[in-house]
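One structure below.
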Amino acid sequence: MSTEFRFCPRCGTALVAGLHGGKSRPACPNDGFVHWGNPTPVVAAIVEYEGKILLARGANWPPKMFALVTGFLEAVETPQAGVLREVKEELDLDGDIVRLVGVHPFEMRNEVIITFHVKATGTVKLSDELAEYKLVDPDKLRAWPLGTGLAVQQWIDERAKT
């Protein structure tokens, strides 16, 4: 049973484990609400800028931790529109989607990450969410084992084939 959802959002009753959709899920014994625990969709961009890959460091991250630009997909927004919005919001860059890189689970955060390769132009101006950025030569880019790192590895592998 998920620890993140302990009470019914409709009536406030404590949720109890029950079999729903073939799995044990928290549910309300009072009104039938079921917390399905579906993953949250997130968009990510492998931002190509001035021939290099732009990695960003979140404002609250450790000093040497950099990753892709990401953000939650908004209601009634396509993943393509969402990733371009995030590039604009976080970097103030205009982007063009080169292609979909892949869709990867990020189980520890209960997210599914939809990653695109985006070519960006303009002058970088970081949002308050980001502390800094760095540009990495595509041949020197290295993946990390979780989250957006899976998409980076896929991009690196596919790039090596061409």
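Bear in mind that the values in this text are calculations on the coordinates, not laboratory data. This one's a predicted model, so the numbers in the text were calculated from it and none came from an experiment. Glycine also receives a Cβ, built like all others from the backbone with ideal geometry; neighbour counts cover every protein chain displayed.
Step through the table entries 64/140; 134/161; 64/125; 88/140; 64/134; 52/161, compare each Cα-Cα distance with 22 Å, and write down the pairs that go over it.
Going by Cα-Cα distance, 134/161; 88/140 fall outside the 22 Å limit.
List every residue whose amide H lies under 5 Å from the amide H of residue 118, counting only residues 5 or more places away in sequence or on a different chain, with H placed 1.01 Å from N in the peptide plane.
46, 47, 48, 98
Could you check the spin-label model distance between residue 75 and residue 34? Points 7 Å from the Cα along Cα→Cβ, value in nm.
The answer from the label model is 2.3 nm.
Rounded, prolate or oblate: which fits the stretch 40-161 when a ≥ b ≥ c are the square roots of the eigenvalues of the alpha-carbon gyration tensor, with rounded for a/c under 1.5 and prolate only if a/b beats b/c?
rounded
To the nearest 10 degrees, how steep is helix 79-91 against the longest Cα principal axis of the chain, on a 0 to 90 scale?
Helix 79-91 sits roughly 60 degrees off the main axis of the chain.
Roughly how many Å is it from the Cα centre of the stretch 80-106 to that of the stretch 5-78, as a whole number?
Centre-to-centre (Cα) distance: 18 Å.
HN-Hα J couplings of the stretch 19-25 from phi, Karplus 6.51/-1.76/1.60, θ = phi - 60°, integer Hz, Gly and Pro as x?
7, 9, x, x, 9, 6, 9
Mind putting a number on the dipole of the chain about its Cα centre? Charges go on the C-beta only, +1 for Lys and Arg and -1 for Asp and Glu, and I need it in Debye to the nearest 20.
Around 480 debye, computed over the chain.
Please list 3J(HN,Hα) in residue order for the stretch 100-115, calculated via the Karplus relation 6.51 cos²θ - 1.76 cosθ + 1.60 where θ = phi - 60°; whole Hz, with x for glycine and proline.
Values, residue by residue: 6, 7, x, 10, 10, x, 10, 4, 5, 10, 6, 10, 10, 9, 9, 10 Hz.
Give the residues of the stretch 22-51 whose amide nitrogen is closer than 18 Å to a point set 7 Å from the Cα of residue 89 in the direction of its Cβ.
It comes to 40-47, nothing else.
Measure nothing fancy, just the Cα-based angle from helix 149-161's long axis to the longest principal axis of the chain, in degrees from 0 to 90, nearest 10.
40
Using Cβ counts within 10 Å as a stand-in for footprinting exposure, how do 123, 162, 148, 115 rank, fewest first? Before the final figure, lay out the partial values.
Working: 123 7, 162 4, 148 23, 115 26.
Placing the least packed residue first, the sequence is 162, 123, 148, 115.
Can you figure out the FRET efficiency of residue 140 with residue 103, using R₀ = 30 Å and their beta-carbon distance, to the nearest 0.05?
The computed FRET efficiency comes out at 0.70.
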